[in-house]
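The values are calculated or read from the model by the stated rules, or taken from the named source; none is laboratory data. Note that this is a predicted model, so its numbers are computed, not measured. No Cβ is skipped: glycine too gets one built from the backbone with ideal geometry, and neighbour counts run over all protein chains shown. Side chains are part of the model used for accessible areas, which takes the heavy atoms of the whole protein and leaves out ligands, DNA and RNA. Shrake-Rupley method; radii C 1.70, N 1.55, O 1.52, S 1.80 Å.
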Amino acid sequence: MLLNNIQEVRDEVRKWRKDGLTIGLVPTMGALHAGHVSLIKKAKETCDKVVVSVFVNPIQFGPSEDFDKYPRTLDNDTELCDNEGVDVVFAPSAKEMYGEGQRLSNDVLTYVCPPFFYVNKLCGRTRTGHFDGVCTVVLKLFNIVQPDYAFFGQKDAQQVVIVNKMVNDLNVPVKIIQCPIVREDSGLALSSRNKYLSDEGKKDALVLSRILNNIKACYKKGITDVNALKETAYSFLNNHHELEYLELMNKYTLEEQEKADNSTIALIACRVEGVRLIDNIYLED
Ligand code: AMP
């Protein structure tokens, strides 16, 4: 069932609650692919009822980012959700979510702003305000759907850490379930933004997973010095790649580390054909 209004979602959820059913939410920006489907399948396994939100959230995009050209494929998304047995696809307009005539800045909107420690690094360093926008929309979705469980991908590792922090700090009654990264056979992590890449660009984009896999292999061979591990990346990069960051951190706290250990996640962001791609890997599972 496709719903566009908040009230309709609340009415539907109220019926489910009355019947004692558990509810799962999968927040997305649409252009659904097998990565999203893995979250939906996990939600179906875990919960009686599943809501998928499809909303390209304007307040998490910077002025020079790809909000206008972000792929919007609602008909396909709805069909895919129907095939997966999703109960409600919630696809609100920006007006439904934020009201009319808002400039959507934090002068006029109550924002959820995660702590500086978590946003002053990785994607937050170049995407100013991005995680304020993410936390604000995610908390709104939690308040609208009131799910027991919400499903997020490890693909956006910083996002999951920050959403968990918000949920803990604000006592939001939802359990966050993190799902593994789904990749193409080539190793490329699935992303709605892969649609922007040419065939050649997709080949160049393999550098992200190659660098991460190589770091993991070096760690397994006994190299733990973070700088030494990072340096192994350079031989993979050429002038088709614009590396934005490569970091090794504690996967729970996003603290930087000098020595890698069983808590370490390696995270990378790199532009290929101007498209900003991200990926990450745990050095031990
Ligand atoms: P998005 O539509 O890009 O905002 O993503 C919605 C959710 O799907 C987020 O929790 C993402 O982390 C997750 N996701 C995106 N790509 C993948 C992937 N390749 N594997 C697993 N989860 C993913």
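The sole residue among Asn280, Asn239, Asn250 that is of a type in the set (S, T, N, Q), closer than 22 Å to Arg193 by Cα, surrounded by 14 or more Cβ atoms within 10 Å (Cβ to Cβ) and modelled with pLDDT of 95 or more is Asn280.
Which residue is farthest from the ligand (Cβ to nearest atom), if the candidates are limited to region 8-43 and must be open to solvent by less than 10 Å² (accessible area, probe 1.4 Å) and outside any helix (DSSP H, G or I)? Looking at the filtered set, the residue picked out is Ile23.
Residue-level check: of (1) under 20 Å from the mean Cα position of the chain (by Cα); (2) away from the ligand (no atom under 13 Å from the Cβ), Leu190 misses just (2). The residue of region 136-160 that is surrounded by the fewest Cβ atoms within 10 Å (Cβ to Cβ), among those that are closer than 22 Å to Val88 by Cα, within 11 Å of the ligand (Cβ to nearest atom) and β-branched (Val, Ile, Thr), is Val137.
Exactly one condition in (1) part of a helix (DSSP H, G or I); (2) open to solvent by less than 80 Å² (accessible area, probe 1.4 Å) is not met by Asn76; state its number. Going through (1) part of a helix (DSSP H, G or I); (2) open to solvent by less than 80 Å² (accessible area, probe 1.4 Å) one by one, Asn76 breaks only (2). For region 175-187, the set of residues classified as within 12 Å of the chain's Cα centre (by Cα), within 7 Å of the ligand (Cβ to nearest atom) and not hydrophobic (A, V, I, L, M, F, W, C) consists of Pro180 only. Name the residue that is surrounded by the most Cβ atoms within 10 Å (Cβ to Cβ), counting only residues in region 80-135 that are in a helix (DSSP H, G or I) and among the hydroxyl-bearing types (Ser, Thr, Tyr). That would be Tyr98. Among the criteria (1) touching a Gly at 6+ places or on another chain (Cβ under 7 Å); (2) more than 26 Å from Phe67 (Cβ to Cβ); (3) open to solvent by 30 Å² or more (accessible area, probe 1.4 Å), the one Glu273 does not fulfil is (2). On the basis of being hydrophobic (A, V, I, L, M, F, W, C), surrounded by 16 or more Cβ atoms within 10 Å (Cβ to Cβ) and more than 13 Å from the ligand (Cβ to nearest atom), does Val163 make the cut? When the stated conditions are applied, Val163 does not pass them.
Here Asp285 clears all of (1) open to solvent by 50 Å² or more (accessible area, probe 1.4 Å); (2) within 28 Å of Pro114 (Cα to Cα); (3) at pLDDT 95 or above except the condition numbered (3). Within region 203-218, not a single residue is open to solvent by 40 Å² or more (accessible area, probe 1.4 Å) and within 14 Å of the ligand (Cβ to nearest atom).
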